[in-house]
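Each remark here refers to the structure printed beneath this line.
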Amino acid sequence: MACRQFWASRAASYLRVSLFNRSFSAVIKDLKYCDSHEWVKVDGKSATIGITDHAQDHLGDVVYVELPEVGKDVTQGESFGAVESVKATSDINSPVSGKVVEVNEELNSSPGLVNSSPYKDGWIIKVEVSDSGELNNLMDSKQYSKFCEEEDSKH
């Protein structure tokens with residue numbers, strides 16, 4: 001993968017065009033991350049959850065998102081749904097424990113939002129957090145970026 005990125009950046013500089021930086025996936029500072037590539041944004045007792053840019057990039061074009069029912073309890077580290085892409089189906093694990101209060105219905109008709117806007121329009125569920133102490137088990141943006149680099153270098 002590094003070779004492809006190196007070639008792309010060399011080609012872009014040769015062609016004097018700016019390259020959309022895909023060498024490192026976008027990582028948002030104020031979020032927390034799981035090693036299974038989910039993100040969570042917590043605001044008080046409310047948590048918005050989705051999959052990371054890194055995850056959607058590795059999955060390829062998302063064609064279906066399996067959403068849980070509103071009211072379902074989710075547990076940190078356990079699966080609550082799945083993302084199906086042209087390459088594979090992957091479980092989505094919850095970064096926090098709590099109760100699902102909203103699901104992104106938009107994903108039923110536009111699952112590609114997970115690819116095009118993983119941190120904004122492509123969010124998956126909102127949860128009422130039952131234990132905010134669980135956030136201490138998650139990575140911040142710097143730790144997650146390093147984790148992704150190490151993971152990618154193994155492949």
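Values quoted throughout were computed directly from the atomic coordinates according to the rules given, and no laboratory measurement underlies them. Here the structure is a predicted model, which is why all the values come from computation and not from measurement. Using ideal geometry, Cβ is built from the backbone for each residue, glycine included, and neighbour counts are taken over all protein chains shown.
Listed values, structure above:
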| read-out | value |
| --- | --- |
| The stretch 84-143, residues that are more than 13 Å from the chain's Cα centre (by Cα), among the charged types (D, E, K, R) and within 18 Å of V27 (Cβ to Cβ) | D140, K142 |
| Conditions (1) farther than 14 Å from K41 by Cα; (2) part of a strand (DSSP E or B); number of the one not met by F147 | (2) |
| All strands (runs of 3 or more DSSP E) inside the stretch 31-143 with 3 or more residues being without any contact (Cβ under 8 Å) to a residue 24 or more places away in the chain, more than 26 Å from S153 (Cα to Cα) and out of contact with any Phe, Trp or Tyr (no Cβ under 7 Å at 6 or more places or on another chain) | none |
| Index of the failed condition, G71 passing every other in (1) more than 21 Å from N137 (Cα to Cα); (2) surrounded by 14 or more Cβ atoms within 10 Å (Cβ to Cβ) | (2) |
